[in-house]
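Only one structure is covered here, and it is reproduced in the block below.
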Amino acid sequence: MEKEIKRSEVDVKNTWNLDVLVKDEADFNEKLKRSYELLEDLTKFQGHILDSSDTLLDFYKKEEEYDRLSMIIYFWAHLNIDTDTTDTYKQTFVEKMDHLVAAQSEKLSFVLPELMKVPYEKVLKMIEGKKEFDSYRHDLEVTYRAQNHTLSEKEEALLGKLSGVFGNNQSAFVKLNNADIDLGVIIDEDGNEVKLTNATYSKYIESKDRRVREDAFNHMYTFWKNHKNTVATLYKGQVKENVVGAKIRKYQSALEQSLSSDNIPTSFYKKMIDIVHQHLDPLYRYLEIKKKQLGLDELHMYDLHVNIADVENKNYPFEEGKKILFEALKPLGETYLNDLNEAFRDRWIDIYPNKGKRSGAYQGSCYDSNPYVLLNYNDTLYSVSTMGHELGHAMHSYYSKKYQPYISHDYPTILAEIASTVNEVLINDYLVKNASTKEEKIMYLTDFLDTIRTTIYRQMMFAEFEMMIHEKEEANEAITEKVLSDTYYELNQLYYGKSVVSDDLIRYEWERIPHFYTSFYVYKYATGLSAALAFAKDILEEKEGALDNYLTFLSSGSKADPFDILKECGLDMEQGAPVVDALELFQEKVEALEKILNE
């Protein structure tokens, strides 16, 4: 049986180097103490932030000093615990950061109300013609969008004191999904007992052996079925937090509040759902192809992830995956590749799974560090794609920090999935073009189709589920486990159609989606892939200015509203045209697959 290794057994060369952030516990405590001191310094601005343009500038600079230092120790604490969520010693640093965050929320609760007392026009007049405010103008614009949603100073202070109470639903879910989860043991293709984990699930659900993938599916969703009431309580609590928070701040809905900072209308979110509904037929057609090629009378949910090509599952050791990555990303130019090499040379990446390590993959960074990438690399093609995806995020962070001042370096989440998915698209294009056999080409083309299936169709199903559940709470309807599971099951039937058997256990899939605790996020995956397909198409076709446009995008951070940044880089998202183009491309690729299969 495969053994999960302990964190202490992992070769240091395969771990990320966190010493550049914090050297040891003493260094952490010193930085934490200084953070509290800076926080106290910021409280001295209370009642004086807008006394003059000089005072406002001083406040911005002192706030930046605090933010930059506190984010260093925040990232260090969370990166540390994510490598072993069972380590109680590491957890103490996270708890200390929770106290700092709570103190920050309480002590700086005066800032927004104080700013909001003054009309935006008066602030603009105060800084008119002052070049030292150029980098702050967009931030001020975004801040003052909340003018009608900011409470009194006392009310904001009260909410600040309650900040430590919020977020517990997500914390409890993370513990369940990472530290306490036990998916049991299954028998692999070779008859060996193997421990099923979040990290290995993707490997076994893609198995060519139907027994293996069905067993993995049943073990995964039986666990969640057995915890359905607990998770329903957690998620209902999260939804209530969102809805009550939106009402307190006088938004029409939790969805409106979520989209407001990016200046995205709720109509765009709903338009995305409508566009996908109008393009479900190509998905049904693809699923029929998959059922036929797999030789199945019925296509079940556990059959969706297996590739239809008659190719043995191939292992892609990390070094081979790295080689594929660099070859595939050559269209992005020599400078990009040289900068990307720093990730491997300077240990930005924590590569392999270990006992207690957080599942999945992500990228995170702060202004004064290199980006950090968490992987659970398991030698699959999916692992190669995931590595490319997360390093796409990393390079977006790298360039935004390099070319933007602190105030505008952190790109908004709606733009966050574009760079990552451009890398995925380029990797797939490289693999298709370099396929040595017809079956390999089928495999990679199917992988491309499955990327659109899972990133646009599936994520928008998630997005629609979130919207429906929040609307039920806003209408004061009861949200029970049954309501949650039935709503999800009906959506699953709509999105996958009659070509797929919606197995009863799939009704519990909503329970294991971490992003539901970062509400109204998942639609951004679909938006990101649509934009990424447009960028990648122009780059691969060597369209004039395409690479410059893309590199400009990577370097833009949050210097303007998201859709304005994309428009500057040659991409107009406003009416959803790139989403339509992406789904029409999906249909074209389905037709191409049919043609290859019929040759």
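The values are calculated or read from the model by the stated rules, or taken from the named source; none is laboratory data. Not measured: the values here are computed from a predicted model. Here the Cβ is made from the backbone with ideal geometry for all residues, glycine too, and neighbour counts use every protein chain on show.
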Enumeration of residues in region 540-563 that are out of contact with any His (no Cβ under 7 Å at 6 or more places or on another chain), in a helix (DSSP H, G or I) and more than 29 Å from residue 274 (Cβ to Cβ):
540, 546, 547, 548, 551, 552
Meets criteria (among the polar types (S, T, N, Q), surrounded by fewer than 17 Cβ atoms within 10 Å (Cβ to Cβ), within 30 Å of residue 296 (Cβ to Cβ) and without any contact (Cβ under 8 Å) to a residue 24 or more places away in the chain) for residue 487
no
Of all residues making up region 143-199, the number that are out of contact with any Leu (no Cβ under 9 Å at 6 or more places or on another chain), hydroxyl-bearing (Ser, Thr, Tyr) and part of a helix (DSSP H, G or I):
1
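Yes/no per residue for (1) in contact with a Ser or Thr (Cβ under 6 Å, 6 or more places away or on another chain); (2) closer than 20 Å to residue 390 by Cα; (3) touching a residue at least 40 places away in the same chain (Cβ under 8 Å); (4) outside any helix (DSSP H, G or I):
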{"residue": "419", "(1), (2), (3), (4)": "no, yes, yes, no"}
{"residue": "425", "(1), (2), (3), (4)": "no, yes, yes, no"}
{"residue": "442", "(1), (2), (3), (4)": "no, no, yes, no"}
{"residue": "451", "(1), (2), (3), (4)": "no, yes, yes, no"}
{"residue": "454", "(1), (2), (3), (4)": "no, yes, no, no"}
For region 322-346, which positions are under 20 Å from residue 537 (Cβ atoms) and part of a loop (DSSP other than H, G, I, E, B)?
329, 333
It is to be established whether one or more residues within region 532-541 are surrounded by 24 or more Cβ atoms within 10 Å (Cβ to Cβ), among the charged types (D, E, K, R) and touching a helix residue (DSSP H, G or I) at 6+ places or on another chain (Cβ under 6 Å).
no
Single unsatisfied condition, residue 88 versus (1) surrounded by 15 or more Cβ atoms within 10 Å (Cβ to Cβ); (2) free of Cβ contacts under 8 Å to residues at least 24 places away in the same chain; (3) β-branched (Val, Ile, Thr):
(1)
Tally of residues being out of contact with any strand residue (DSSP E or B) (no Cβ under 8 Å at 6 or more places or on another chain) and buried (at least 19 other Cβ atoms within 10 Å of the Cβ) across region 202-216
5
Is it the case that residue 566 is out of contact with any Asp or Glu (no Cβ under 8 Å at 6 or more places or on another chain) and either part of a loop (DSSP other than H, G, I, E, B) or closer than 25 Å to residue 331 by Cα (or both)?
no
Among the residues of region 52-61, is any closer than 29 Å to residue 391 by Cα, modelled with pLDDT of 95 or more and either buried (at least 19 other Cβ atoms within 10 Å of the Cβ) or over 23 Å from the mean Cα position of the chain (by Cα) (or both)?
no
Within region 42-66, work out how many residues are over 15 Å from residue 126 (Cα atoms), charged (D, E, K, R) and either part of a loop (DSSP other than H, G, I, E, B) or in contact (Cβ under 8 Å) with a residue 24 or more places away in the chain (or both).
4
Regarding residue 11, is this residue within 25 Å of residue 407 (Cα to Cα) and either buried (at least 17 other Cβ atoms within 10 Å of the Cβ) or within 28 Å of the chain's Cα centre (by Cα) (or both)?
no
So which helices (runs of 4 or more DSSP H) are wholly in region 208-319 and hold at least 1 residues that are basic (Lys, Arg)?
210-226, 228-248, 266-278, 280-293
Right, residue 325: in contact with a Gly (Cβ under 7 Å, 6 or more places away or on another chain) and not hydroxyl-bearing (Ser, Thr, Tyr) or not?
yes
Just to be sure, is residue 467 buried (at least 21 other Cβ atoms within 10 Å of the Cβ), in a helix (DSSP H, G or I) and under 21 Å from the mean Cα position of the chain (by Cα)?
no
What are the residues in region 225-247 that are under 24 Å from the mean Cα position of the chain (by Cα), β-branched (Val, Ile, Thr) and more than 28 Å from residue 182 (Cβ to Cβ), if any?
243
Members of region 124-136 that are surrounded by fewer than 14 Cβ atoms within 10 Å (Cβ to Cβ) and either of a type in the set (Asp, Glu) or not in a loop (DSSP other than H, G, I, E, B) (or both):
125, 128, 131, 132, 134
Of those in region 569-599 that are in contact with a Pro (Cβ under 9 Å, 6 or more places away or on another chain), touching a residue at least 24 places away in the same chain (Cβ under 8 Å) and not in a helix (DSSP H, G or I), the residue surrounded by the fewest Cβ atoms within 10 Å (Cβ to Cβ) is 573
